[in-house]
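Notes follow the structure.
The values are calculated or read from the model by the stated rules, or taken from the named source; none is laboratory data. Just so you know, these numbers come straight off a predicted model, no measurement behind them. Please note: Cβ atoms are built from the backbone with ideal geometry, for glycine as well, and neighbour counts cover all protein chains shown.
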Amino acid sequence: MHLKSVTIDRESFPTDEFYPFSLDVLRRTPQVPFTTPVTLLVGENGTGKSTLLEAIARRAAIHIWQDQGRARCQVNPYENKLYRCISLQWADGPVPGSYFGASVFRDFARILDEWASSDPGQLAYFGGQSLLTQSHGQSLMSFFKARYAVRGLYLLDEPETALSPKTQIDLLGVLARMSEAGHAQFVIATHSPILMACPGATIQSFDRVPVEPIDYEETDHYQTYRQFMMDRSRFLKGNGDDEKAREPSC
């Protein structure tokens, strides 16, 4: 174990009106402990799990490979400021690590390819092949297998996004092997019932206020998938009336 817990300082929130500081779950959760090598953050979209994960990365000085050059229609001045209101408790001081986000992985892969154009040896670390020439799922697994063999803290935001169920099981094996080796710690925001089944992992639910650990079978994800598999026809009835698409605000 490297990271023992994250403490959220409610008193230092700069606003109560803007996301993520408007989230009740963050205002009423003083601390999230990490007691096992793999911790899974689960909850519905918009509950703050990915935002907290990114804040941990920023507070731990873990670089986020992100393209910041795009213009945006609307900007929330507080969306990336949560890291200023948290503190990290380490077992033996900070360790190196990495942040993986499905939305920023292509930025990393493109930057790596630019480096490799002048130094092809850079690719040896990832199996000797450009991440851009592989399928998205293959490139992700090449990255996971190479990066997580190194001691450190690994933060993953919805890694299942481009992975088939079979490849998710492969990733599950990587997580189990690396955490059992005793040098890697993982904190993962996910919607995948497959990844939630990681042996020995703690599941922290952001659907509860405050955040609290729950059993695998208690998660909405497990229950929804189980009910769907048992009687999928019930879920397909009455879904023909799609909500009208909203007009864009820009």
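Annotations
- Meets criteria (touching a helix residue (DSSP H, G or I) at 6+ places or on another chain (Cβ under 9 Å), of a type outside the set (Phe, Trp, Tyr), within 28 Å of Ala184 (Cα to Cα) and not in a helix (DSSP H, G or I)) for Ser87: yes
- Matching option when the condition is out of contact with any Leu (no Cβ under 7 Å at 6 or more places or on another chain) and in contact (Cβ under 8 Å) with a residue 60 or more places away in the chain, among Ile8, Ile56, Ile86, Ile64: Ile86
- Hits in the stretch 32-50 (condition: in a loop (DSSP other than H, G, I, E, B) and without any contact (Cβ under 8 Å) to a residue 40 or more places away in the chain): Asn45, Gly46
- Cβ separations smaller than 7 Å between residues 6+ apart or across chains give the following pairs from the stretch 165-185 residues that are closer than 13 Å to Tyr154 by Cβ to residues that are part of a helix (DSSP H, G or I) and of a type in the set (D, E, K, R): Val174/Lys145.
- The stretch 156-209 - residue that is touching a strand residue (DSSP E or B) at 6+ places or on another chain (Cβ under 7 Å) and part of a helix (DSSP H, G or I) and, of those, nearest to His2 (Cα to Cα): Ser179
- Within the stretch 197-217, tally of residues that are buried (at least 23 other Cβ atoms within 10 Å of the Cβ) and more than 21 Å from Thr29 (Cα to Cα): 1
- Selection count where residues are among the β-branched types (Val, Ile, Thr) and at pLDDT 85 or above, scope the stretch 65-99: 2
- Residues of the stretch 1-31 classified as more than 23 Å from Glu180 (Cβ to Cβ) and not in a helix (DSSP H, G or I), total: 19
- Annotation: of all residues in the stretch 153-167 being at pLDDT 90 or above and surrounded by fewer than 19 Cβ atoms within 10 Å (Cβ to Cβ), the one that is nearest to the chain's Cα centre (by Cα) is Pro165.
- When each of Phe105, Phe143 is tested for being modelled with pLDDT under 65 and crowded, with 16+ Cβ neighbours inside 10 Å, the lone residue that passes is Phe105.
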